[in-house]
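The values are calculated or read from the model by the stated rules, or taken from the named source; none is laboratory data. In this text, all values refer to a predicted model and were calculated from it rather than measured experimentally. Don't worry about glycine lacking a Cβ; one is built from the backbone with ideal geometry, like all the others, and counts go over all protein chains shown.
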Amino acid sequence: MSRRFKHVFLDAEGTLYIPRGGKSTWEFWADPSPRHAREFFELDDGVAEALSSLRCRVDSLCIASRNTKPILDALLDDFGIRDFFDEVLLNGNKGKQISKYLAERGYDRKDAVMVGDTPVLDLYPVRKAGVEAILVDRPYNRMVDAERIKGVRELPSWLRIADLAEHRTESRNSTLDDFFEPSRRATGRLISATGC
């Protein structure tokens with residue numbers, strides 16, 4: 001089956017990693033440094049496993065962040081996730097950065113998706129640039145009408161569902177039993193965890 005999204009862009013703070021113990025990120029920005037970042041943030045649940053799964057199924061996996069390079073470098077190294085990413089895009093309008101990245105490589109915008117937690121940075125400018133965007137569900141973004149996942153840990157499953165929705169040619173008035181007909185065995189992969 002062909003893939004609906006081949007290029008995935010992930011925000012960092014609030015998406016890949018979160019403050020320890022429910023702290024506010026504003027507490028961190030009172031003293032922003034690589035040392036403080038290592039103490040303040042932790043990788044969100046299931047991120048490393050999701051990145052491993054994504055690396056096997058997408059053509060490009062990138063970070064698009066407004067964080068500083070020293071802080072982001074410290075966290076990517078500490079969390080051991082740097083090697084999952086093809087590129088780290090820093091600062092500037094994320095919609096423009098993603099568009100430029102795609103254009104330079106001859107990739108189509110319709111094959112890309114951005115995942116982040118902040119609508120004003122991760123959703124609106126990216127959609128304005130013609131790239132799909134979804135939110136990681138956080139208490140501070142629930143007032144925004146957008147498709148969302150609970151965390152990056154759900155992204156591999158979300159992408160598989162997007163693949164199925166894209167290639168479904170008949171009416172969407174189906175029941176769950178329809179997915180288990182012999183002609184649709186591929187859908188069974190949706191339920192199981194897959195490797196490369």
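Among the residues of region 74-92, the ones that are more than 15 Å from Val8 (Cβ to Cβ), touching a Phe, Trp or Tyr at 6+ places or on another chain (Cβ under 8 Å) and not aliphatic (A, V, I, L, M) come to 1 in all.
If the condition is being surrounded by fewer than 17 Cβ atoms within 10 Å (Cβ to Cβ), within 17 Å of Ile81 (Cα to Cα) and at pLDDT below 95, then region 20-61 contributes only Cys56.
Just one of the numbered conditions (1) crowded, with 16+ Cβ neighbours inside 10 Å; (2) closer than 16 Å to Gly14 by Cα; (3) at pLDDT 95 or above is not true of Gly95: (2). Restricted to region 123-139, and to residues that are in a helix (DSSP H, G or I) and closer than 21 Å to Gly95 by Cβ, which residue is farthest from the chain's Cα centre (by Cα)? Filtering first and then ranking leaves Lys128.
Among the residues of region 45-53, at least one is within 23 Å of Ser2 (Cβ to Cβ) and touching a Phe, Trp or Tyr at 6+ places or on another chain (Cβ under 8 Å).
Taking the listed residues Ala48, Ala103, the one that is closer than 19 Å to Arg127 by Cα, free of Cβ contacts under 8 Å to residues at least 60 places away in the same chain and out of contact with any Ser or Thr (no Cβ under 9 Å at 6 or more places or on another chain) is Ala103, with no other qualifying.
Restricting attention to region 71-92, the residues that are in contact (Cβ under 8 Å) with a residue 40 or more places away in the chain and either of a type in the set (Asp, Glu) or exposed (fewer than 14 other Cβ atoms within 10 Å of the Cβ) (or both) total 1. Checked against (1) at pLDDT 95 or above; (2) in contact with a Gly (Cβ under 9 Å, 6 or more places away or on another chain), Arg66 passes all but condition (1).
Of all the listed residues (Asp163, Asp122), the sole one being within 22 Å of His7 (Cβ to Cβ), modelled with pLDDT of 95 or more and surrounded by 17 or more Cβ atoms within 10 Å (Cβ to Cβ) is Asp122.
The residues of region 137-156 that are in contact (Cβ under 8 Å) with a residue 60 or more places away in the chain and touching a helix residue (DSSP H, G or I) at 6+ places or on another chain (Cβ under 7 Å), listed by number, are Val152, Arg153, Leu155, Pro156. Once region 14-30 is narrowed to residues that are among the hydrophobic types (A, V, I, L, M, F, W, C) and touching a strand residue (DSSP E or B) at 6+ places or on another chain (Cβ under 7 Å), the residue that is farthest from Arg142 (Cα to Cα) is Phe28. Scanning region 85-122 for residues that are within 18 Å of Ala162 (Cα to Cα) and either of a type in the set (Gly, Ala, Ser) or in a helix (DSSP H, G or I) (or both) gives Arg109, Lys110, Asp111, Ala112, Gly116.
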